[in-house]
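Take a look at the structure set out below.
A short reminder: the numbers here are calculations on the coordinates, not readings from a lab. On a predicted model such as this, the values are computed, not experimentally measured, just so you know. Glycine also receives a Cβ, built like all others from the backbone with ideal geometry; neighbour counts cover every protein chain displayed.
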Amino acid sequence: MEPSETELQHEDLLRLNDRLLSLGQLVSGSVGKVSGLLQTFDPVLIQEIRQTETEINALEVEIEAECLKLLALHRPSSFDLRRIVSGIKVNSNLERIGDQVINIAERVEFLANIDRLILDHAMNSMSATSARMVKLSLEAISQQDVSLAERVREMDRELNAQNTRSYKTLQEGMEQQPNMVRQAVSYLTISSNIERIGDLATNIAGQVVFIVHGKIDRH
């Protein structure tokens, strides 16, 4: 017996979820390496992040094509349509998180070859917070749990506050150590990259509200 349209659509949605999970694991793994990278300046970690980024980009293209195929071939219910649309947005946000990690890796590569800046700029705590946010946002999507999504939003406020404190510390450091401006500017960029990771994780978590309630949860 040939599978029904509903069965085919269900299988395609399961495959889409599996691919999004695989992409989420790749991205979460890269974000999780940021703390170690900031502490060790390890070139091996930089290379691993670059290799993973290649995989992330390839999978992101495959997932987008899969989502468009689902929209073209099936007539999904309103709930399944929201899942597909959310899949497109989650896919894009995950790829953009990978881009932020690459930006951080490039800044660290630059910093590894010049004098170190000794300041309590809180990058380690910021990177740890952003890594938790990415993992939690993926759990929220997987479980369609609105309460987990709200926790990500709360953590984003914490990360924004950390970013503000980091900027003030680095600005004061540049005033006190003018010879360290290049280093401080690179750390300002890294701080901004980490804060952006948090924003993108919050975007992902916001898709839970759209899937469950059909409401656009933004700004």
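A few remarks follow.
- Principal-axis tilt of helix 146-176 within the chain, Cα atoms, nearest 10 degrees: 20
- Rg to Rh, two decimals, where segment 57-162 supplies the alpha carbon set and Rh follows Kirkwood: 1.09
- Rounded D (µm²/s) - the chain, Kirkwood Rh over Cα pairs, Stokes-Einstein at 4 °C, 1.567 mPa s: 70
- Listing Met155, Met133 from fewest to most neighbouring C-beta atoms within 10 Å gives Met155, Met133.
- Relative exposure of Ser137, Ser30, Ser125, judged by other C-beta atoms within 10 Å (fewest first): Ser125, Ser30, Ser137
- Normalised by the number of residues in the chain, the mean separation of alpha-carbon contacts (under 8 Å, six or more apart) gives a relative contact order of 26 percent.
- Sorting Leu26, Leu37 from the fewest to the most surrounding beta carbons within 10 angstrom yields Leu26, Leu37.
- The lysine pair tally for the chain, using Cα distances under 22 Å and a gap of 8 or more places or different chains, is 4.
- The long axis of helix 123-143 is offset from the longest Cα principal axis of the chain by roughly 10 degrees.
- Loop-located trypsin sites (Lys or Arg not before Pro) in segment 113-161 whose Cβ has at most 12 other Cβ within 10 Å (DSSP): Arg116
- Whole-Å distance, taken between Cα centres, linking segment 46-123 and segment 130-179: 17
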